[in-house]
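Step one of this worksheet: look at the structure below.
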Amino acid sequence: MKAPALLVTGAAGFIGSHTVIELLSHGFHVIGIDNFCNSNKGVIDKILSLKNEFLGLTDVEFKHFSVDVRDKNALDGLFEQHTISGVIHFAGLKAVGESFGRPLDYWENNVGGTMNLIKVMEKHAVKNFVFSSSATVYGIPQHLPIKEDAPTGAFSPYGRTKWVCEQFLEDHAKANADWNISMLRYFNPVGAHESGMIGEFPNGVPNNLMPFVTQVAAGLRYKLSIFGNDYETPDGTCIRDFIHVVDLAQGHVAAIQAMGVQKQGPTKEASPKPPQNSIQGLNVFNFGTGFGVSVKELVETFIAVTGQKIPFEFVARRHGDVPSLYADASRAEELLGWQAQRGLETMCADAWRWQTSLK
Ligand code: NAD
Ligand code: UD1
């Protein structure tokens with residue numbers, strides 16, 4: 001691709017695939033890479049038919065390459081052959097439980113992959129970088145809603161890889177004032193594209209709540225275990241900040257636009273509210289809705305919206321869960337002009353449409 005394009009790593013993944021669609025919808029050409037360790041090539045076909053047939057986005061280009069972010073030569077070749085204006089880095093391993101048994105894989109992939117990418121970007125003087133971080137870096141929050149300047153730390157190997165990447169990026173930004181780096185701390189992404197063509201593919205038994213709920217509704221699992229109903233919360237179940245993956249994806253467009261990276265193709269859809277301020281240097285943003293929802297409330301809303309039965313039982317607390325975690329998302333609104341729009345009902349309806357499309 002000769003025209004400037006954004007590079008999206010982990011483009012076939014849950015958040016990556018939705019972000020590719022939103023970037024294309026906002027006029028950006030996109031180059032995606034993935035090694036398909038937690039996704040499959042069929043997602044790329046779905047992105048292409050969503051782009052060309054469902055959305056009619058024929059004026060912007062999407063190209064995909066099977067590349068591992070740890071492969072410096074392959075990345076180098078990609079940067080040689082294309083004009084890359086910025087990088088959004090999703091590629092990584094993300095299962096908290098699994099990370100306890102495979103710390104080396106997690107550090108090598110998440111930390112090694114990120115450092116590799118930055119090194120190749122440096123060589124090719126590409127200086128706009130968006131990093132997928134996680135609310136997991138807040139550990140056990142002292143105050144809610146949680147703000148970006150809250151103390152950070154992490155209890156799992158997965159969490160520590162995100163935390164240490166943030167520290168590395170901070171050091172890199174300090175030493176390289178001409179770089180723009182946004183570290184986005186996602187809360188609990190759920191839902192799927194309204195088309196039902198892309199969504200989340202959990203590997204094996206889902207660890208996360210929403211995919212477990214949709215699989216119970218689809219009859220693939222017998223019942224949902226709700227981990228703990230004796231927390232000091234209004235209904236005794238944990239509280240989280242669930243955010244629709246399309247809102248999250250649109251936040252990435254806002255982050256890239258605020259860095260001043262220009263789109264290269266015509267826009268089909270209205271852009272999100274233009275940023276009031278451009279952002280430069282290192283920035284960290286909470287990507288949540290700012291609203292806490294209890295596990296029980298999510299399950300009840302899912303039942304109400306979809307009409308499906310969700311047999312559930314309350315079981316013991318899950319080790320490592322914090323009772324309540326939700327974002328103060330005002331910084332992203334102020335500096336990026338971005339705010340989540342979709343409510344819990346839409347998250348449930350879209351997650352269910354996606355699940356039923358898999359049959
Ligand atoms: P995902 O597993 O669906 O997507 C990640 C993609 O990266 C997958 O397609 C996988 O095949 C690919 N990948 C992994 N290692 C790679 C490598 N070395 N080279 C190339 N491709 C590689 O995960 P997701 O939910 O889309 O998450 C994206 C990012 O957001 C991850 O970094 C994750 O840690 C972070 N995050 C996710 C959540 C969440 O709840 N989904 C929450 C907080 C942060
Ligand atoms: C988890 C990770 C977090 C990661 C996030 C997104 C842990 C401790 N945290 O967050 O680092 O960034 O996923 O990938 O793993 N629940 C049930 N029954 C289930 C599944 C979940 O009751 O079968 C409850 C959990 O106890 C929790 C809530 O639902 O209270 C949300 O759980 P989950 O979707 O796993 O997300 P988090 O634990 O918030």
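The values are calculated or read from the model by the stated rules, or taken from the named source; none is laboratory data. Just so it is clear, the model here is predicted, and its values are computed rather than measured. Cβ placement follows ideal geometry from the backbone for every residue including glycine, while neighbour counts extend to all protein chains displayed. The accessibility values were calculated without ligands, DNA or RNA, using every heavy atom of the protein model including side chains. Shrake-Rupley method; radii C 1.70, N 1.55, O 1.52, S 1.80 Å.
Considering segment 141-156 alone, what residues qualify as being within 11 Å of ligand 2 (Cβ to nearest atom) and either open to solvent by 10 Å² or more (accessible area, probe 1.4 Å) or part of a helix (DSSP H, G or I) (or both)?
Hits for segment 141-156 are ALA154, PHE155.
Could you figure out which of (1) within 11 Å of ligand 2 (Cβ to nearest atom); (2) closer than 22 Å to GLY10 by Cβ; (3) of a type in the set (Ser, Thr, Tyr) isn't true of THR237?
(2)
Of everything in segment 2-25 that's within 16 Å of ligand 2 (Cβ to nearest atom) and not in a helix (DSSP H, G or I), which residue is farthest from GLY260 (Cα to Cα)?
Within segment 2-25, the match that is farthest from GLY260 (Cα to Cα) is GLY13.
Residues being part of a loop (DSSP other than H, G, I, E, B) and either in contact with a Pro (Cβ under 8 Å, 6 or more places away or on another chain) or open to solvent by 60 Å² or more (accessible area, probe 1.4 Å) (or both): count how many of those fall in segment 41-58. Lay out the reasoning, then the answer.
Of all residues in segment 41-58, those part of a loop (DSSP other than H, G, I, E, B) come to 41, 55-58.
From what's left, either in contact with a Pro (Cβ under 8 Å, 6 or more places away or on another chain) or open to solvent by 60 Å² or more (accessible area, probe 1.4 Å) (or both): 41, 58.
Adding up the residues that qualify gives 2.
What single numbered condition from (1) of a type outside the set (Lys, Arg); (2) surrounded by fewer than 20 Cβ atoms within 10 Å (Cβ to Cβ); (3) touching a residue at least 24 places away in the same chain (Cβ under 8 Å) fails to hold for GLY86?
Result: GLY86 passes all but (2).
Hey, THR114 hits all of (1) of a type in the set (S, T, N, Q); (2) near ligand 1 (Cβ under 10 Å from one of its atoms); (3) assigned to a helix (DSSP H, G or I); (4) in contact (Cβ under 8 Å) with a residue 60 or more places away in the chain but one; which does it fall short on?
The single condition THR114 does not satisfy is (4).
Return the pairs, sorted by first residue and then second, in which the second residue is within 16 Å of ligand 1 (Cβ to nearest atom) and modelled with pLDDT of 95 or more, the first residue lies in segment 297-322 and is open to solvent by 80 Å² or more (accessible area, probe 1.4 Å), the beta carbons are less than 7 Å apart, and the residues are 6+ apart or on different chains.
none
Please indicate, with yes or no, whether at least one residue in segment 270-286 is under 24 Å from ILE140 (Cα atoms), in contact with a Pro (Cβ under 9 Å, 6 or more places away or on another chain) and either within 14 Å of ligand 2 (Cβ to nearest atom) or modelled with pLDDT under 95 (or both).
yes
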